[in-house]
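Here is the structure we will look at.
The values are calculated or read from the model by the stated rules, or taken from the named source; none is laboratory data. Everything numeric in this text was worked out from a predicted model, so none of it was measured. Cβ atoms come from the backbone with ideal geometry, glycine included; neighbour counts cover every protein chain shown. With ligands, DNA and RNA removed, areas are computed over all heavy atoms of the protein, side chains included. Shrake-Rupley method; radii C 1.70, N 1.55, O 1.52, S 1.80 Å.
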Amino acid sequence: MNRAGGLMIALAVAALGPPAHAGAWTRAKGKSQVIVKYESLRAARAYDPDGALAELAAERRDASLGVFAEYGVTDRLTLQLKGDWQSGQDAFVDFEGRGPVEIGVTWQAWRDDHAAASLYAGYAQGGEGRNAGYASPGQGEQDWEVRASVGRSFQTGWGPIPDRSFFELQAARRMRQGLPDEVRVDITAGTRLGDDWMVLAQAFGGQADDGGPRWLTVETSVVRDVGDWSLQAGWRQTVAGRETPQASGPVIGIWRRF
């Protein structure tokens, strides 16, 4: 599971406040945010070691209820915590339990009115659930991750183009015990439609070392602001990979800013 996270998401451009869950922008001192997110993914096929699709012996189901929290220690340093509770079933296992718990800090290396760059370092302790999307439940012990993020917001007020958009790129190296090390790349693009709506498109890619599993997942969602709350609904789909399931399903999130 990644969280991926990011994958993960932003609600506003830098000129109007930082994206709500984008790594390039840190939170202001004393400000915090909590996101509760539910995912339910199913797969009837998987990518084999050559990247071709093959039928699974039985449908694979994975569901998770996750929490992501962040707090601005200073204007340039944000503390982050995330974890989830998982359940799932495939042809070989039926499981339920805690997923990985991760704590980390993001440091704002640079920022102006429209762009930002940051560095993240985090530590994760594995749980009884899937500590990686391609792994068996309980496989993997602890991880260290370093991540660099850059983002840019745009003021585009002409013609039919919405007037506030942003783009962000993240690249990470994850060092793991009990699983192969990984390289990850995440991309997020968002466009605000009016004052209360945001449309998001995201891509999460990764590659395990030594020719191991590979994955590319895309997600599209819509976010609706209601005061200090936000509601998110979207769809996630694995579109390419190797030794990983072709999973898809809905994503629902509830956000609260403090």
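Does at least one position in the range 171-187 carry a residue that is assigned to a loop (DSSP other than H, G, I, E, B), basic (Lys, Arg), over 24 Å from residue 72 (Cβ atoms) and out of contact with any Ser or Thr (no Cβ under 6 Å at 6 or more places or on another chain)? No, because not a single residue in the range 171-187 is assigned to a loop (DSSP other than H, G, I, E, B), basic (Lys, Arg), over 24 Å from residue 72 (Cβ atoms) and out of contact with any Ser or Thr (no Cβ under 6 Å at 6 or more places or on another chain). Scanning the range 138-153 for residues that are among the hydrophobic types (A, V, I, L, M, F, W, C) and either buried (at least 20 other Cβ atoms within 10 Å of the Cβ) or out of contact with any Asp or Glu (no Cβ under 9 Å at 6 or more places or on another chain) (or both) gives 144, 146, 148.
Residue 196 fulfils the conditions (1) surrounded by 15 or more Cβ atoms within 10 Å (Cβ to Cβ); (2) more than 18 Å from residue 133 (Cα to Cα) except for a single criterion, (1). The conditions are (1) at pLDDT 95 or above; (2) surrounded by fewer than 21 Cβ atoms within 10 Å (Cβ to Cβ), and residue 202 fails exactly one of them. Which is it? With respect to (1) at pLDDT 95 or above; (2) surrounded by fewer than 21 Cβ atoms within 10 Å (Cβ to Cβ), residue 202 is out only on (2). Candidates in the range 84-137 are the residues that are open to solvent by 60 Å² or more (accessible area, probe 1.4 Å) and among the basic types (Lys, Arg); of these, the one that is farthest from residue 46 (Cα to Cα) is 111.
Condition test on residue 174, is it within 21 Å of residue 70 (Cβ to Cβ) and not hydroxyl-bearing (Ser, Thr, Tyr)?
Answer is yes for this residue.
Quick check, is residue 166 over 16 Å from the mean Cα position of the chain (by Cα), buried (at least 20 other Cβ atoms within 10 Å of the Cβ) and under 28 Å from residue 40 (Cα atoms)? Against the criterion (over 16 Å from the mean Cα position of the chain (by Cα), buried (at least 20 other Cβ atoms within 10 Å of the Cβ) and under 28 Å from residue 40 (Cα atoms)), residue 166 qualifies. Taking the criterion of being among the hydrophobic types (A, V, I, L, M, F, W, C), modelled with pLDDT under 95 and in a strand (DSSP E or B), the residues of the range 1-56 that qualify are 4, 15.
Annotation: residue 150 fulfils all but one of (1) at pLDDT 95 or above; (2) within 24 Å of residue 181 (Cα to Cα); (3) in contact with a Phe, Trp or Tyr (Cβ under 7 Å, 6 or more places away or on another chain); the unmet one is (3).
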